[in-house]
Amino acid sequence: MNEIGNETGLRERKKRRMYETVSDIAIRLFLEKGFDAVSVAEVAAAAEISKPTLFRYFPAKEDLVLYRIADHEGEAARVVAGAAGAPVEALRRHFLEGLERGDPVTGLNDDPRVLAFHGLLYETPSLVARAQLHQERSEAALAEVLGGDLDARLAAGQIMAVQRILALENWRRIAAGERAAELRAEAVAAAERAFGWLAAGMPARLRRARGQDTTTPTL
């Protein structure tokens with residue numbers, strides 16, 4: 001059993017390394033030449049794999065870029081599922097913690113490599129469209145954790161929109177020349193304000209700790 005487990009773990013690690021290596025090579029080429037100027041065949045050649053092999057790992061060209069943030073898909077749902085307190089409060093804390101450590105997903109990160117990646121992502125229409133699919137899946141996962149009904153879907157849509165807009169605003173300001181350290185206080189204040197509005201507008205059951213109230217009041 002241990003040998004089987006070790007072999008499975010080794011295969012998974014090798015698979016992850018392949019994803020990471022090919023994605024890194026692709027992103028480097030896209031940043032150098034532009035997303036539309038680089039073909040999938042060129043990426044495959046640079047990674048020393050066949051084009052069919054590349055497509056087994058990355059069904060779409062855009063996935064070569066989105067892989068770098070794929071682990072954030074469903075993150076909001078995981079935060080809520082693992083929290084004992086009210087969902088919006090748990091997500092507020094999580095976002096503020098991300099701002100504190102400069103998590104790139106919050107937009108509050110001025111590392112040149114992060115800025116270059118975000119520039120590639122936000123300024124390439126096909127990548128924006130593909131990222132929207134990730135956003136929609138994350139929203140659906142969050143709605144399911146919140147209860148799956150209409151109120152839950154409305155709440156999930158609002159929460160995901162707030163997180164996306166806050167992150168985009170931070171990135172835009174940093175891309176325009178502001179420093180993350182100088183912007184942090186404003187970013188925190190904006191997040192506190194936005195999540196405060198969310199909490200005030202949520203159904204009562206979503207303002208309480210999960211499991212505390214089983215009724216389903218209207219908005």
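Points worth noting:
- Looking across the stretch 87-119, the residues that are open to solvent by less than 20 Å² (accessible area, probe 1.4 Å) and under 15 Å from the mean Cα position of the chain (by Cα) come down to Leu91, Phe95, Gly98, Leu99, Gly102, Thr106, Gly107, Leu108, Phe117, His118.
- Leu31 closer than 21 Å to Glu123 by Cα, open to solvent by 30 Å² or more (accessible area, probe 1.4 Å) and not aromatic (Phe, Trp, Tyr): yes
- Considering residues of the stretch 133-155 that are among the small types (Gly, Ala, Ser) and closer than 25 Å to Val65 by Cα only, the residue surrounded by the fewest Cβ atoms within 10 Å (Cβ to Cβ): Ala140
- Residues of the stretch 156-179 classified as among the small types (Gly, Ala, Ser) and surrounded by 20 or more Cβ atoms within 10 Å (Cβ to Cβ), total: 2
- Note on the stretch 121-138: residues that are touching a residue at least 40 places away in the same chain (Cβ under 8 Å) and within 11 Å of the chain's Cα centre (by Cα) amount to 4.
- If you go through the stretch 66-96 and keep only what is small (Gly, Ala, Ser) and either in contact with a strand residue (DSSP E or B) (Cβ under 8 Å, 6 or more places away or on another chain) or more than 25 Å from Arg130 (Cα to Cα) (or both), you end up with Ala81, Gly82, Ala83, Ala84, Gly85, Ala86, Ala90.
- Filtered residues of the stretch 48-86 (kept if small (Gly, Ala, Ser), outside any loop (DSSP other than H, G, I, E, B) and open to solvent by less than 20 Å² (accessible area, probe 1.4 Å)): Ala76, Ala77
- Residue list for the stretch 20-47, filter: over 13 Å from Val65 (Cβ atoms) and part of a loop (DSSP other than H, G, I, E, B): Ser39
- Being surrounded by 15 or more Cβ atoms within 10 Å (Cβ to Cβ) and either at pLDDT 95 or above or more than 17 Å from Thr106 (Cα to Cα) (or both) holds for only one residue in Ala209, Ala187, and it is Ala187.
- Breaking point among (1) more than 23 Å from the chain's Cα centre (by Cα); (2) under 30 Å from Met160 (Cβ atoms), for Ala37: (2)
The values are calculated or read from the model by the stated rules, or taken from the named source; none is laboratory data. Model, not experiment: these values are computed from the prediction. Cβ: placed from backbone, ideal geometry, glycine included. Neighbour counts: every protein chain shown. Just so you know, the surface numbers come from the protein's heavy atoms only, side chains and all, with ligands and any DNA or RNA stripped out. Shrake-Rupley method; radii C 1.70, N 1.55, O 1.52, S 1.80 Å.
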